[in-house]
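Trainee: Got a structure for you, written out below as structure tokens; questions coming shortly.
The values are calculated or read from the model by the stated rules, or taken from the named source; none is laboratory data. All of these numbers come straight from a predicted model, not from anything done at the bench. For neighbour counting, all protein chains shown are included, and Cβ atoms are generated from backbone atoms with ideal geometry for every residue, glycine included. The accessibility values were calculated without ligands, DNA or RNA, using every heavy atom of the protein model including side chains. Shrake-Rupley method; radii C 1.70, N 1.55, O 1.52, S 1.80 Å.
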Amino acid sequence: MPSDRVLEIGCGRGLAAALVLGRLTEGSLAAIDPSAAAIAAAAQRNSRDVAAGRANFLVAALEESAFPAGSFDRIFSINVNLFWTRDPVRELGALRRWLAPGGSLHLCWEPPHPGRVKEIVAAVTPAMEACGLAVTVLTGRTSRSAGLVCLVGRVHHDPS
């Protein structure tokens, strides 16, 4: 949505951030990455949005970050391996807290081997569910890759 508050985990040099910022007319983007060089490049690439106060690039690892509860409508990551190479419950719990009501978490990968898609889904889905997220699995292909996978988590709604 054009007015969303978005967080990118592991923004690298800011390419995805630029694409997201191009769609946000009233919203904002915060992006974190543990690499100071990557953050400098991302801030430079998106300097107009930084100057306008619509984008903020922070040198920080996810596990070291702290944002107020409900800060973001959308949170996403692309090819951030920590979510499936180890138990990510602590980090996913933080992301869940940072989501605003009605918000969504998008964890995306372009794995090099087709078998990795199933491996990622099997490893990450239960951890997302344990953090109170209802998970939808989206898969696809690009002309360059063996496959794409995106796990979309939304907050469970209490029917009462």
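Trainee: Quick check on the chain: of the DSSP beta bridges with both residues there, what percent are antiparallel, nearest 5%?
Mentor: So the antiparallel bridges in the chain amount to around 40 percent.
Trainee: Then there is this: Could you rank R116, R45, R90 by how accessible they are, 1.4 Å probe, largest area first?
Mentor: So, going from the largest accessible area down, we get R90, R45, R116.
Trainee: Still on this structure, please answer the following. For the range 100-160, what percent of Cα pairs sit more than 14 Å apart?
Mentor: That fraction is 56 percent.
Trainee: For the range 1-53 and the range 58-78, write down the distance between their C-alpha centroids in whole Å.
Mentor: Rounded to whole Å, the Cα centres lie 12 Å apart.
Trainee: Give the list, by residue number, of cysteines in the chain with no other Cys Cβ closer than 4.7 Å, or say none.
Mentor: By the Cβ distance rule, which asks for a partner under 4.7 Å, the isolated cysteines are C11, C131.
Trainee: May I ask you to rank M128, M1 by accessible area, largest first, using a 1.4 Å probe over the protein chains only?
Mentor: Output order, biggest surface exposure first: M1, M128.
Trainee: Stick to Cα atoms and the Kirkwood definition of Rh, then tell me Rg/Rh for the chain.
Mentor: Using only Cα positions, Rg/Rh for the chain is 0.96.
Trainee: Given H placed on each backbone N at 1.01 Å, which residues far from A30 in sequence or on other chains put an amide H within less than 5 Å of it?
Mentor: HN-HN under 5 Å from A30: V6, L7, E8, N56.
Trainee: Separate question: Could you work out the relative contact order of the range 5-109? I mean the mean sequence separation of Cα pairs under 8 Å and 6+ apart, divided by the number of residues, in percent.
Mentor: Across the range 5-109, relative contact order equals 29 percent.
Trainee: Let me ask something else. How large, in percent, is the carbon and sulfur part of the accessible surface of the range 42-160 at a probe radius of 1.4 Å?
Mentor: On the range 42-160, the fraction of accessible area on carbon and sulfur atoms equals 53 percent.
Trainee: Using a 1.4 angstrom probe and counting only protein chains, how large is the accessible area of H113 in Å², to 10?
Mentor: Rounded to the nearest 10, that gives 110 Å².
Trainee: Ratio of alpha-carbon Rg to the 2.2 N^0.38 Å globular estimate for the range 1-80, to two decimals, please.
Mentor: The value comes to 0.98.
Trainee: So, one more: What accessible area per residue, rounded to a whole number of Å², is obtained for the range 65-142 using a probe radius of 1.4 Å?
Mentor: Here the per-residue accessible area is 49 Å².
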